[in-house]
Structures are given as C-alpha cells and as structure tokens.
Amino acid sequence: MTVAIGIALALGAWAAMASWNGLTGFGVAAVLRLLPVLAALHLAQLLLAGIAWRALLATPRPPAAMLWRLRIVREGIDSLLPVAQMGGEVVGARLLARRIPAAAAAASVIVDLAVELLTQIAFLGAGLLALIWLSGQAPQARWLVVAGAALAGLAGLLLAPRLGALRGIEALLRGIARRTPALAGASLDGLHDAALATWHRRRGLAAGIALHIPAWALGSIESWLVLRGLGHPVGALQAVVVESLGMAGRSAGFAIPAAIGVQEGGFVLAAAAVGIAAGPALALSLVKRLREVLVGLLGLGLWRLEAAR
C-alpha cells in the first residue's frame, strides 16, 4: 500500500508540474518514450556499482549477478519505501550476510558507500570545473561553498576509520542487542576490523573507484537525453554540470526519504547555473523520479525473491 501511494504521488506530482510548466505535447511524449532507455541506463549504472561492490570483498566472492541484484534491491528500498536513504544498505548487508560473515557484509556496504561518496566528490569537482569553463570566470560564491563542503566531506571520509568511528557503531549495536532480545543478531562484533581490512584491500578499492566514476558519468547521459526530449538540448559539459550538482543536492538530503523536495531544488539550482529555466529543470528531476519508480519496483520484486530463497 505504501509503495502504491508513493507511485501515485510521484505520477500525480509529475503530471501537475508538467502541466503547470507547459511541458505538454511533444516534450512529454518524447520523454515517456525515453523511459525504457533511461531505466536501462540506470540499470547499467547499478551493474557497474554492483561490480565495484564485489571488488571490495575478499575472495571467494559471490557472483557478480548476485551483487547486481542486491544493488538494485538497495536502490528500490531507498527510492520507494518511507525510510531515510540508508534502509536499502541495511537490507543489502543482511542479504549478503547469507553468503559471507555478517561483519564482512556490513563492512563491505560501509566501504562501498564511502567509495561512492569519494567518487561523487570527484564527479562534483568535474562539474565545478565544467562550470568554470562554461562561464569563463571564477565560480560564484555558492559553488565555492559547495566545493569546500565536498573537501570537508572527503577529509572526514578518509579520517573516520582512523578515528575509530566504526567501533562506536559496534558498541551501539551491542547495546541495542542487550536491551532488545528480538534484535540479538544486530551485534556486529568485528565490524571495525572488517571495515579496515576492506579499506586496506588496495586493489579492490582502486577497482571500486574506477567503476564508480563511469557510473556517475552515465547519469550525465540521462540528463542530456531528458533535456533534449523536453526540447531544451544542452551540450555535454552542461549535462555534466546539471547532473553533478543536482545529484550532490540529492545526496545532501540523505536523511529525507528519497530526498523528496531536496532533489528537485538541487536540479533547479544546478540547471540555473548553466542558464536552464526552472521549468525544464524541475521536469528533469520529475522524469528521474519516474525512472526511479520503474527501477524501484524491480528492486522491490527482487527483494521478495531474495527473501524467499
């Protein structure tokens, strides 16, 4: 029922905004025809992300197809269920724990998220450089703030394992397990050591980074296709700016289920930086929402299949 309500709201909001911004006729029809292509592009992104996740694991590793399925499951839960954008990661770790030790599964998800954040910061940097190139002048103050926040996030990411942050998570889980017998399996002793071991697996870490970067780049192709379908064609650099800044805005709203509202505002601001009006930018974000519904439904279906095994 919750999923049905979410889908109905997404479709209703998209239709209302499309009508309000005058995005009717050929633009909308062209974008709707593009939806299967957009879904395929996103599944390719998730395939690269799944292979990157697998590269972080110690041998023998589960099959790549399994990690791809679990990555789609993670995406579906984060996109369609009323949870902060971490619920899919918890479920993904639990499903993976059927094949490898629980601490190793949880550690792989944590390091995978760290690698994803690291490469997103690099992608954001590429977007800011593209913006400087397009504008022919120094970036505006707000983009300097974005760059500073990204560098601060990168520093925190690199220092967190050294500061023992994961030991605090372990202690918290042990406390929950003691107070709630039904959650006795929540304790993940060895999480810190497993995460450090995963982080120091240099070859796997390098492979994960190398695979996540083209995954982010595929999102720029999605934005380029949607804006072109809406009758607002942009160049490759403009698409990189819109995608990198827009997705950075979505990530900033990680505590909000599906980053509702945050993603839309992020894409409007990102598009404004390259001279795209608010209407097409909002429509771009809403089309991405429709694609999220398609891929998210697939993810929830795969979750049911994995849980039934």
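Bear in mind these aren't lab numbers, they're just calculated from the coordinates by the rules spelled out. Being a predicted model, the structure only gives us computed values, none of them experimental. We place every Cβ from the backbone using ideal geometry, glycine too, and count neighbours over all the protein chains shown.
Please work out how much length the chain gains when fully extended from residue 228 to residue 206, using 0.36 nm per residue of separation minus the C-alpha to C-alpha distance, in nm with one decimal. Please report the intermediate quantities before stating the final value.
Working: separation 22, 0.36 × 22 = 7.92 nm, distance 3.45 nm.
Contour length minus the Cα-Cα distance gives 4.5 nm.
Which of 98, 289, 202 has the fewest other C-beta atoms within 10 Å, and how do the rest follow up to the most? Please report the intermediate quantities before stating the final value.
Working: 98 12, 289 23, 202 8.
The order, fewest Cβ neighbours first, is 202, 98, 289.
Size of region 187-309 along its principal axes in angstrom, Cα-based, largest extent first?
Largest to smallest, the principal-axis extents are 52, 35, 23 Å.
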